[in-house]
Every structure is written in structure tokens, then in C-alpha cells.
Amino acid sequence: MKRNRVSAVTAGAALVVGSTLTLMSPAVAADVNPFDPTFVPNTTDDLVGVGSDTTQIVTHDIAVAYNAGRASGRIASFAADGAPATVTLRSGLAAITRPNGSGAGKKLLYAPDNNPHVSFARSSSTLNPAEITGGLKQAAFAVDGLQMAVSSSATNAPAELTIDQILRIYKGEVTNWSQVGGRPGAIRALIPQSGSGTLSFFTSQLTAANGGIPFTPVASSTQEHSDVDVKGDPNAIAPFSSARATITSTVDALGGWKATRAVYNVVRTADLASGTLGSTLTNVFGEDGWICGPDGRAVIERAGFEQLASTEDGGACGQFVTDPVSNLKTSDQADAVATTTTLAASAPGNRTVALRATVGTGGGAPAAGKVEFREGESVVGSAFTSGGVASLTLSGVSVGSHQYTATFVPTRANDFTPSESAPQQVVVKTPAAVTVTGVSAPYGKAKTVTVKATVNGAAATGSVRVAVGTGAARAYPLSRGTATVPVAAGTAAGALRVVASLPGSASVDPASRTFTLKIAKAKGSVTAKLVKAKVKASQRGVLRVTVKPAGVPVTGKVTVKAGSKVVGRGVVRNGKVTVKLAKLKKGTHRLVVSYGGDRNVTGAKARTLKVKVTR
């Protein structure tokens with residue numbers, strides 16, 4: 001199993017950050033959250049933050065380092081979870097319920113829940129439309145991974161999971177670890193609490209893996225990044241911050257699937273333009289702020305995150321924006337592999353467009369990331385790469401000319417550069433459709449197949465080409481969009497394949513349909529007549545046998561019995577056969593004539609005949 005365990009150095013760093021707790025008496029320490037500020041923020045220039053559980057530790061560490069030697073203008077970051085249940089945001093204020101998660105923190109920055117005493121919100125998810133409308137902006141500062149976490153002491157999970165396996169677990173399709181290569185055990189799937197940024201990001205990953213179709217995960221709620229429900233349970237699994245996993249010794253991060261994301265600090269747009277407050281926010285969170293500088297980098301990396309590269313170095317650290325940050329270039333990145341993206345686009349019919357992007361790396365490892373497909377400036381869809389290829393099919397596309405481009409967005413900007421394809425143009429034609437029906441009838445009877453053709457829902461004109469069985473296709477005229485195709489009575493019994501096609505044009509899609517007409521065997525009917533009803537014992541009697549249906553080829557064999565003894569056989573040709581009987585002893589004999597059937601006609605018996613044999 002791939003293990004992300006806390007090291008002695010990291011553990012030591014964590015203890016240093018929280019070392020103020022060791023100065024308190026046990027009674028006091030029990031009431032203090034280790035990731036809350038050790039002071040009560042002032043009412044003037046301290047920056048008060050709440051929100052994400054994912055970044056509560058790294059932001060606490062940043063605050064401790066930044067605040068060293070400062071008596072005001074400090075960072076005060078309150079933890080998302082833990083005791084006490086309430087927090088006092090600033091001196092002289094009444095306590096409020098501790099905001100738990102990205103969503104809960106950001107809500108306090110805009111109406112109707114705006115709290116003017118909150119300066120910023122930690123967030124592990126990008127702004128949603130309501131938050132943007134509420135006047136918020138976000139400044140990304142680090143990159144975090146998201147992986148699946150299990151108990152480090154004992155687990156039934158395999159060492160790695162793919163995103164498809166994770167999707168099936170959270171859809172309830174996989175319920176036992178043995179189904180994905182682990183040891184037997186009923187899976188206990190967990191997801192973060194409502195309002196969590198990690199929940200939002202994780203469900204977006206599941207939705208993407210599910211073909212863009214949202215669904216309700218089959219899972220129990222747990223506190224984001226808490227080990228309480230995971231540790232010691234060999235069947236538990238939960239999404240977990242990669243950074244948080246490195247400093248949580250009771251959980252292991254599984255190998256296999258891993259997604260990366262930017263993490264943010266969120267502020268009010270109005271506050272950025274507000275004199276001293278705006279300057280302080282910019283000096284802490286902005287492009288040239290403390291967090292995006294070398295001092296911030298040391299703290300961020302010690303907490304297990306990767307600092308985003310500065311804008312000067314082609315990164316996105318500290319930019320106040322509303323859109324999600326996809327440029328995940330980090331400060332410690334190696335030279336990224338240059339990529340090229342080529343796009344193939346086609347219109348296969350029925351108002352669909354097939355897009356296939358190939359991301360080249362000059363012969364290196366396949367590029368990992370996603371491709372965003374655009375028509376003009378609008379993103380019409382996206383797909384993750386597999387083996388350097390991403391495919392997407394658009395439906396319901398309007399008839400006419402369309403131009404598309406593909407943009408590759410790497411999962412890790414450290415590994416690959418983004419790239420964009422040249423535009424590709426396709427023409428979506430008017431859709432056409434063909435339906436084929438037929439009335440089944442047995443062998444020996446004429447049948448018909450009805451073909452209906454439409455163009456954009458209206459009856460087609462011209463002709464339709466139809467191939468019956470192994471015969472060549474022929475043109476049949478359409479009348480009000482319908483053509484009738486005869487099927488000969490002598491067509492063999494069985495499944496008859498009929499293919500009807502409507503040729504396309506410069507503006508209309510071609511269309512075709514395959515239909516199977518089932519032809520049953522005809523019911524056989526046998527008549528037999530003795531040439532002579534009386535013969536001598538020295539002579540052989542003669543029977544003339546006719547097998548129907550008439551008018552079509554009938555083959556097979558006829559058997560004549562006198563009692564249990566076979567006294568004559570014959571091969572039917574074109575429905576008739578003459579059978580010479582064996583010599584019979586004197587007396588009257590009852591003859592039973594049986595037809596054994598063939599591939600087109602069922603077997604049958606004639607009425608019993610009597611032949612008299614004399615000396």
C-alpha cells in the first residue's frame with residue numbers, strides 16, 4: 001500500500017506551531033482549539049478568517065509565522081471543527097457558532113448572512129454563482145491533492161483504486177472490498193459534511209467520471225478530514241486532502257486515483273478597495289503578498305501543500321479572481337513537458353458532433369489532465385484524457401456550420417504545459433430517419449416489407465434503397481414517405497435480413513435501418529393415391545404422393561409403412577414423388593404415408609390407405 005505517513009520532522013513542526021498550548025494549565029488547554037488564534041482579535045485591523053477544514057492547519061501555521069513580532073494587523077484564523085462549539089470573532093463581541101467548512105465560511109462574507117467582523121474565508125472549492133453575485137473574489141495560494149483515505153492500522157481495501165472503482169463504490173454498485181481486489185469486508189463509504197469544499201470538489205470528480213451525470217452518493221456523512229470515522233475501521237473509506245493525510249498518522253492515502261485543486265482565501269471585492277483594509281488584504285493574500293512570498297512558501301510546504309507560483313513566474317498565486325484557477329504551476333515545479341493538442345471533429349448524424357482531442361508530448365509519457373472543448377468562447381464540454389486522448393460527443397447540435405477548439409488543462413502544471421488546438425469546422429446536416437416493418441407469413445405465401453423515411457420529421461421524397469437477404473440493393477419509390485417491398489413466397493424460412501437506406505445529400509444526413517423478418521415453416525399437407533388398389537403378391541404396388549404447399553419448392557423424404565414395417569421410401573421433388581412399394585403378402589394391408597419435412601415445410605401424414613394383395 002502506498003503510505004503517506006507523518007514524519008518525525010513534520011510532527012515536530014506541527015508541535016512547534018501548537019507549542020503555546022504547552023504553556024497552559026490542563027484545565028485551560030482542554031477548552032482551547034489548537035487551530036484557533038491564541039489571542040482575541042481586535043476590532044480595528046486584525047484579519048479574521050473562518051471556513052475550510054482542509055486549510056485550517058496551514059492557515060493557522062501561516063498566521064503564527066506572520067504574526068510573530070506583531071501586536072496588531074495580525075491574522076486570526078478560527079478552526080472549522082472541534083471544541084469549543086462557539087468562537088468570539090473580535091474583542092467585545094458575542095460568540096457565534098463555529099463556521100464549519102468552505103461554504104459556511106464564505107456565507108459570512110455576503111448577504112443575507114454577512115458578518116462584517118469576518119475578513120476572509122478559507123475555501124477548498126471555487127466560488128459558486130451565488131458567491132460571485134454576492135461580490136466575492138478568491139485568491140489561490142496553494143495546490144492540494146484529493147485521495148481516498150483508509151485506516152492505517154488495518155484495512156480491507158486494495159493498495160490502489162481507479163476513479164471508476166471509486167465511482168462504483170459511491171454509486172452503491174460495489175459494496176464489498178473483495179469486488180475490487182481487497183479482502184472481504186462490507187465497504188463503509190464516507191463523504192464530508194454538507195457545505196464542505198472537499199465535498200463539492202469530490203462530487204464534481206464523481207460526476208465527471210459518471211459521464212457528467214450527477215447522482216446522490218450512497219455514503220454516510222463525516223467531518224471533513226477527521227480521522228474519527230476512519231481510524232481503526234478496516235472497511236471505512238473517505239476522500240481526504242493529500243496534505244492533511246501527510247500529517248495524520250492514523251490514515252493512509254491509497255494509491256491510484258488522485259485529483260489536484262487550488263485552495264483559496266476568499267474576500268469581499270468591496271474590501272479590496274477599502275483603504276487600509278484593502279491594503280492589508282492585498283499585502284497578506286495578494287500577488288506580492290506575504291503568503292505568496294518565500295516566507296509563506298516555507299510554511300505552506302511544511303504543512304504538506306505546494307505553493308502556487310507567483311504571477312511573475314507564470315503562476316496564479318494571489319490573483320483576486322472569480323473563475324476557478326486551473327493554472328496550477330507551483331513554485332517548486334520542474335520544467336513542464338511541452339504539449340500540443342490536435343482536434344478531430346465530425347458530424348456522424350442525428351444532430352451530433354464527435355470531438356476527439358489528442359495531446360502530444362513529443363514521445364514522452366501520456367499527458368494527464370482534461371480537455372475543454374469550446375465553440376467560440378463558450379465551453380461546450382470537457383473530458384479527462386486517457387492515454388493522451390479525450391473524447392466527447394455533443395447531442396442536439398443545431399443544423400449548420402460549427403467551429404470547435406480543444407484546450408488541454410494539465411492535472412499538474414508541474415508536469416505538463418497547457419496547449420490549444422487549431423479550430424476545426426464541421427457541418428451538421430438535417431437529420432433523416434428510416435423505419436422498417438413487416439408482417440410475418442409462413443413459407444409459401446407472399447409477404448411485404450414497409451419502409452418509411454423522414455427528413456427532419458417530414459415524409460421523405462425520392463426513393464429508398466432496400467436489400468432483401470443476400471440480394472443486391474434495389475431502389476423503391478417513396479410515396480408520401482413510404483415504400484412497399486415485396487418478398488417472394490418461395491423465400492426460405494428463417495430470419496430474413498432487410499436493410500433499407502436513404503441516401504444523404506449536402507444538407508441531409510444519410511439514414512439506414514436493418515430489420516429482421518421472421519418467416520415460419522409452412523404447415524405440410526400430404527395426399528397419397530395408390531395407382532392400383534389391388535395387386536398380386538408377385539407385383540409391387542405404386543403410390544403417387546403430393547406434398548403441399550403448392551407453387552413453391554418442396555423437398556424432403558416420404559416413408560411408407562405397413563404396420564411397423566417400412567415398405568417404401570421416396571425423395572420429394574417439387575412437391576411430388578412416386579413410391580414403389582415392396583412386395584407384400586396376400587391380404588389387405590393398411591399403409592401409412594409420412595412426410596419428414598424440410599427446412600421450409602413441417603412434416604405431415606396422409607390418410608391411411610388400404611391395398612389388397614392377391615395370389
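Values in this text are rule-based calculations from the coordinates and carry no lab data. None of these values were measured; they are calculated from a predicted model. All Cβ positions, even for glycine, are placed from backbone atoms using ideal geometry, and neighbour counts span all protein chains on display.
Some points to look at:
- For the range 240-354, a/c is not less than 1.5, where a ≥ b ≥ c are the root eigenvalues of the C-alpha gyration tensor, and a/b does not top b/c. That puts it in the oblate class.
- Couplings for the range 396-407, taken from phi via the Karplus curve 6.51 cos²θ - 1.76 cosθ + 1.60 with θ = phi - 60°, read x, 6, 5, 5, x, 8, 9, 10, 10, 10, 10, 10 Hz in order; Gly and Pro are left as x.
- Part-to-part distance (alpha-carbon centres) for the range 420-460 and the range 198-251, which is given in Å: 48 Å
- Given their separation in residues at 0.36 nm each and the Cα-Cα distance between them, Thr175 and Val389 gain 73.9 nm when the chain is fully extended.
- Ranked Asp252, Asp323, Asp81, Asp295, criterion: other C-beta atoms within 10 Å, fewest first: Asp323, Asp295, Asp81, Asp252
- Residue by residue, the range 235-245 carries 3J(HN,Hα) couplings of 10, 7, 8, 8, x, 9, 4, 4, 5, 5, 5 Hz when phi is fed to the Karplus relation 6.51 cos²θ - 1.76 cosθ + 1.60 (θ = phi - 60°); x denotes Gly or Pro.
- Estimated translational D of the range 146-228 in µm²/s (Stokes, Kirkwood radius over Cα pairs; 10 °C; 1.306 mPa s): 119 µm²/s
- Database remark: amide H of Gly438 closer than 5 angstrom to the amide H of Thr450 (H placed geometrically; neighbours at sequence offset of 5 or more, or on other chains; Pro and chain starts carry no H).
- Derived scalar couplings between HN and Hα for the range 497-503 equal 8, 10, 10, 10, 9, 10, x Hz in order, rounded to whole Hz, by the Karplus curve 6.51 cos²θ - 1.76 cosθ + 1.60 (θ = phi - 60°), x for Gly and Pro.
- Taking the C-alpha atoms of the range 564-615, convex hull volume expressed per residue in Å³: 90 Å³
- Compactness of the range 448-560, expressed as Rg and Dmax over alpha-carbon positions, Å: 23.6, 83
- Given charges at Cβ of Lys, Arg, Asp, Glu: the range 340-428 dipole, positive-most of Phe408, Leu355, Gln424: Leu355
- The chain - mean residue ellipticity at 222 nm from DSSP helices (-39,500 (n - 2.57) per run, n ≥ 4, rounded to 500): -4000 deg cm²/dmol
- Here's the picture: charge each Lys and Arg Cβ at +1 and each Asp and Glu Cβ at -1 in the chain, and of Gly462, Thr340, Ser52 the one pushed furthest to the positive end of that dipole is Gly462.
- Charged-residue dipole, Cβ positions (Lys, Arg, Asp, Glu), the chain about Cα centre, Debye nearest 20: 11160 debye
- Tensor-based shape of the range 340-428 (alpha-carbon gyration tensor, a/c under 1.5 rounded, otherwise prolate or oblate): prolate
- Computed Kirkwood radius, in angstrom, where 1/r is averaged over Cα pairs of the chain: 31.0 Å
- Charging the Cβ of each Asp and Glu at -1 and of each Lys and Arg at +1, and nothing else, the dipole of the range 105-249 about its Cα centre rounds to 100 debye.
- For the range 432-519, size of Cβ-based charge dipole, Lys and Arg +1, Asp and Glu -1, in debye: 220 debye
- Long-range amide H partners of Ile191 with built H, under 5 Å: Ser220, Ser221, Thr222
- Extreme residue, positive dipole direction of the range 114-177, given options Ser119, Ser153, Ile169 (C-beta unit charges): Ser119
- Near Ser512, the amide H atoms lying under 5 Å from its own belong to Val434, Leu502; only residues 5 or more places off or on other chains count, and H is placed 1.01 Å from N.
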